[in-house]
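The values are calculated or read from the model by the stated rules, or taken from the named source; none is laboratory data. Given the structure is predicted, the values throughout are model-derived calculations rather than measurements. Methodologically, a virtual Cβ is constructed for each residue, glycine included, from the backbone with ideal geometry; neighbour enumeration extends over all protein chains shown.
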């Protein structure tokens, strides 16, 4: 058996399996699988039941919403569902600690949310997203339409699950 890497891009590599007996059959089977992998897109794996957080919401309420949905963070949206920012458990934890210790509400979501949010489109390839996530990019992305309206959220866990489900 011998594997040869034909392309340097981690997401688009084609490995060619050669064997003395049935290399042609295995090779064509593998090429079909690679083609199917390239067709995997974000809309098929994104979470559409995500925590929608308003910028005027108290940070404690946002914390409760994240816990209810069992997510690490969520998009902050306006009344038209347009993306304004992102709030994560990390920001909520600091405010919740102050609330628990001092027993008073400290901040609104708009006071602690991140406004420099990277978003993705629903037709983006799972593989290009996975490649982004390998670096220092976020673990979660809001998925937006052409009008910057949030239609879903995709996490590193969902990307990993999509890749694993496709292969195992």
(request) Go through the residues of segment 150-165 one by one and say whether even a single one is surrounded by fewer than 13 Cβ atoms within 10 Å (Cβ to Cβ) and at pLDDT below 90. (result) yes
(request) Please determine, by comparing only the residues of segment 91-108 that are part of a helix (DSSP H, G or I) and out of contact with any helix residue (DSSP H, G or I) (no Cβ under 6 Å at 6 or more places or on another chain), which one is surrounded by the most Cβ atoms within 10 Å (Cβ to Cβ). (result) 98
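Okay, residues lined up against (1) assigned by TED's automatic domain parsing to the domain that holds residue 73; (2) surrounded by 16 or more Cβ atoms within 10 Å (Cβ to Cβ); (3) free of Cβ contacts under 8 Å to residues at least 12 places away in the same chain; (4) more than 15 Å from residue 73 (Cβ to Cβ):
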{"position": "113", "(1), (2), (3), (4)": "yes, yes, no, no"}
{"position": "121", "(1), (2), (3), (4)": "yes, no, no, yes"}
{"position": "129", "(1), (2), (3), (4)": "yes, yes, no, yes"}
{"position": "138", "(1), (2), (3), (4)": "yes, yes, no, no"}
{"position": "144", "(1), (2), (3), (4)": "yes, yes, no, yes"}
{"position": "148", "(1), (2), (3), (4)": "yes, no, no, yes"}
(request) Collect the residues in segment 61-83 that are crowded, with 19+ Cβ neighbours inside 10 Å and in contact with a helix residue (DSSP H, G or I) (Cβ under 8 Å, 6 or more places away or on another chain), keeping them in residue-number order. (result) 62, 63, 66, 73, 74, 76
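Matching residues to (1) touching a helix residue (DSSP H, G or I) at 6+ places or on another chain (Cβ under 6 Å); (2) over 17 Å from residue 152 (Cα atoms); (3) modelled with pLDDT under 95:
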site	(1), (2), (3)
30	no, yes, yes
38	no, yes, yes
47	no, no, no
85	no, no, no
110	no, yes, no
123	no, no, no
131	no, yes, yes
(request) Quickly run through segment 110-150 and pick out the residues that are under 13 Å from the mean Cα position of the chain (by Cα) and in a helix (DSSP H, G or I). (result) 126, 127, 128, 129, 130, 131, 132, 133
